[in-house]
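Below is one structure, written out as structure tokens, with a few remarks after it.
The values are calculated or read from the model by the stated rules, or taken from the named source; none is laboratory data. Quantities reported herein were computed from a predicted structural model and do not represent experimental measurements. Using ideal geometry, Cβ is built from the backbone for each residue, glycine included, and neighbour counts are taken over all protein chains shown. Heavy atoms of the whole protein, side chains included, go into the accessibility calculation; ligands, DNA and RNA do not. Shrake-Rupley method; radii C 1.70, N 1.55, O 1.52, S 1.80 Å.
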Amino acid sequence: MRIRPRRLRAGRTVRRLVSQAILDPGHLILPVFIGEGLQGREPIESLPGHYRYGPGSPELVDYISEAMELGVNSFLLFSSTRLKDRMGTPAYNRKGPVQEAVRTIRRELGWEPLVFTDLCICSYTDHGHCGVPREVNGRIVIDNDETLRVYSRIAVSHAEAGTDFIAPSGMMDGQVAAIREALDKEGYTGVGIMAYSAKYASAFYGPFRGALDSAPRFGDRRTYQMDPRRGMEALREVELDLEEGADIVMVKPALAYLDVIRLVKDRFPWAPLAAYNVSGEYAMVRLMSEAGLADYRVLMMEILHSIIRAGADIVITYHALEAASLAREGFDPF
Ligand code: PBG
């Protein structure tokens with residue numbers, strides 16, 4: 001036998017040498033939850049290890065600083081409010097929790113942390129949908145274009161607070177164009193857009209909806225989020241978002257959609273591609289390890305490297321700090 005693939009697997013060092021997916025904390029984004037009216041922080045039951053942070057709290061500032069010490073410099077902020085309405089107007093309150101948290105980060109830590117703010121209304125509406133409902137011929141539909149008007153106002157409120165990137169996650173048609181136009185009109189030409197371009201209607205969002213109380217009160221999200229059975233449609237969604245001015249595009253969830261990540265990367269190699277390793281994927285790792293079926297750290301590393309191998313340039317993950325500190329220790333389970 002001349003060709004023996006096992007030669008490249010003979011030891012740790014050679015395996016590392018020829019490895020092709022490299023996990024760099026600088027390519028991770030840590031999701032951060034902000035709790036309205038909170039002083040310190042409180043644990044999120046559905047996401048063990050994660051907390052809601054008060055928008056002006058020293059705990060928030062410490063958390064961000066601690067992440068940056070580990071090399072994680074990018075953050076994706078989410079929040080919700082107790083008072084909710086049909087249009088999700090609390091989402092563009094200039095004194096809202098996300099807006100206040102961004103101001104706190106800027107005041108205490110300056111412009112070094114890269115701040116992304118999720119833009120959606122599901123956690124600010126009394127019905128839990130990502131868009132504004134309207135009755136048409138006796139049926140409730142989510143009114144796409146009415147929703148865009150709300151999104152535009154939210155985007156401007158985030159920009160005013162000092163965000164770096166707006167991350168629209170509501171899957172309304174034309175959302176990137178509407179937000180880009182609103183930002184530019186107000187002079188925020190430097191604020192970028194990371195578009196949730198191919199976001200699937202997924203059962204993997206369960207723990208997140210618990211964290212934000214954002215589950216739909218009626219119906220489901222299948223009239224706006226994508227059908228898991230359609231892969232190629234992701235190319236259309238990504239193409240549209242890039243044409244509309246997205247700076248970064250995203251596939252979400254990650255693990256059950258690795259093929260979609262690869263499709264997008266092959267077709268648009270020049271576009272920065274993020275993959276969202278979502279809350280249910282995070283929960284699976286914990287549940288498997290709690291059941292004694294896998295080592296938490298090894299499972300997590302295999303998943304994160306798989307997402308990178310599939311073609312993601314950026315990984316949004318609840319594991320960001322664990323992964324960064326293991327990487328710093330030189331932990332290599334492979
Ligand atoms: C809001 C939003 C969701 C997630 C990110 N932004 C939930 C949803 O669409 O129901 C999910 C993130 C996760 O599960 O980690 N539209």
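Just one of (1) open to solvent by less than 60 Å² (accessible area, probe 1.4 Å); (2) assigned to a loop (DSSP other than H, G, I, E, B); (3) more than 30 Å from Ala310 (Cα to Cα); (4) within 16 Å of the ligand (Cβ to nearest atom) fails for Gly56. It is (4). Scanning the range 22-31 finds one or more residues that are of a type in the set (D, E, K, R) and within 30 Å of Leu258 (Cα to Cα).
Scanning the range 179-191 for any residue that is touching a Phe, Trp or Tyr at 6+ places or on another chain (Cβ under 7 Å), within 16 Å of the ligand (Cβ to nearest atom) and within 28 Å of Arg52 (Cβ to Cβ) turns up at least one such residue. One residue stands out in the range 222-237 among those that are over 17 Å from the mean Cα position of the chain (by Cα) and within 14 Å of the ligand (Cβ to nearest atom): the one that is least open to solvent (accessible area, probe 1.4 Å), namely Tyr224. When the residues of the range 238-273 are narrowed to those that are open to solvent by 40 Å² or more (accessible area, probe 1.4 Å) and within 16 Å of the ligand (Cβ to nearest atom), which ends up nearest to Ile314 (Cα to Cα)? Selected residue: Leu255.
Can we say Val176 is closer than 19 Å to Thr147 by Cβ, β-branched (Val, Ile, Thr) and touching a helix residue (DSSP H, G or I) at 6+ places or on another chain (Cβ under 9 Å)? Answer is yes for this residue. Residues in the range 192-219 that are more than 10 Å from the ligand (Cβ to nearest atom) and part of a loop (DSSP other than H, G, I, E, B): Asp213, Arg217, Phe218, Gly219. Checking the structure you have, find out if any residue of the range 192-201 is of a type in the set (S, T, N, Q), within 20 Å of Arg230 (Cβ to Cβ), at pLDDT 95 or above and open to solvent by 10 Å² or more (accessible area, probe 1.4 Å). No; the residues of the range 192-201 include none that is of a type in the set (S, T, N, Q), within 20 Å of Arg230 (Cβ to Cβ), at pLDDT 95 or above and open to solvent by 10 Å² or more (accessible area, probe 1.4 Å). Within the range 94-145, the set of residues being in a helix (DSSP H, G or I) and open to solvent by 40 Å² or more (accessible area, probe 1.4 Å) comprises Glu100, Arg103, Arg107, Glu108, Leu109, Asp145. In this structure, Leu30 qualifies as among the hydrophobic types (A, V, I, L, M, F, W, C) and assigned to a strand (DSSP E or B).
Let's see how each residue does on (1) modelled with pLDDT of 95 or more; (2) of a type in the set (A, V, I, L, M, F, W, C); (3) more than 26 Å from Ala211 (Cβ to Cβ):
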{"position": "Cys122", "(1), (2), (3)": "yes, yes, no"}
{"position": "Val141", "(1), (2), (3)": "yes, yes, yes"}
{"position": "Thr147", "(1), (2), (3)": "yes, no, no"}
{"position": "Arg153", "(1), (2), (3)": "yes, no, no"}
{"position": "Ala167", "(1), (2), (3)": "yes, yes, no"}
{"position": "Met171", "(1), (2), (3)": "yes, yes, no"}
{"position": "Ile179", "(1), (2), (3)": "yes, yes, no"}
{"position": "Asp184", "(1), (2), (3)": "yes, no, yes"}
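For first residues located in the range 25-51 and open to solvent by 50 Å² or more (accessible area, probe 1.4 Å), partners that are of a type in the set (Phe, Trp, Tyr) and lie 6+ apart or on another chain with Cβ distances below 8 Å form the pairs Arg41/Tyr51; Arg41/Tyr53; Arg41/Tyr63; Glu42/Tyr51; Pro43/Tyr51; Gly49/Tyr318; Tyr51/Phe33; Tyr51/Tyr63.
Among the residues making up the range 274-302, those that are surrounded by fewer than 21 Cβ atoms within 10 Å (Cβ to Cβ) and touching a residue at least 40 places away in the same chain (Cβ under 8 Å) are Gly280, Ala283, Arg286.
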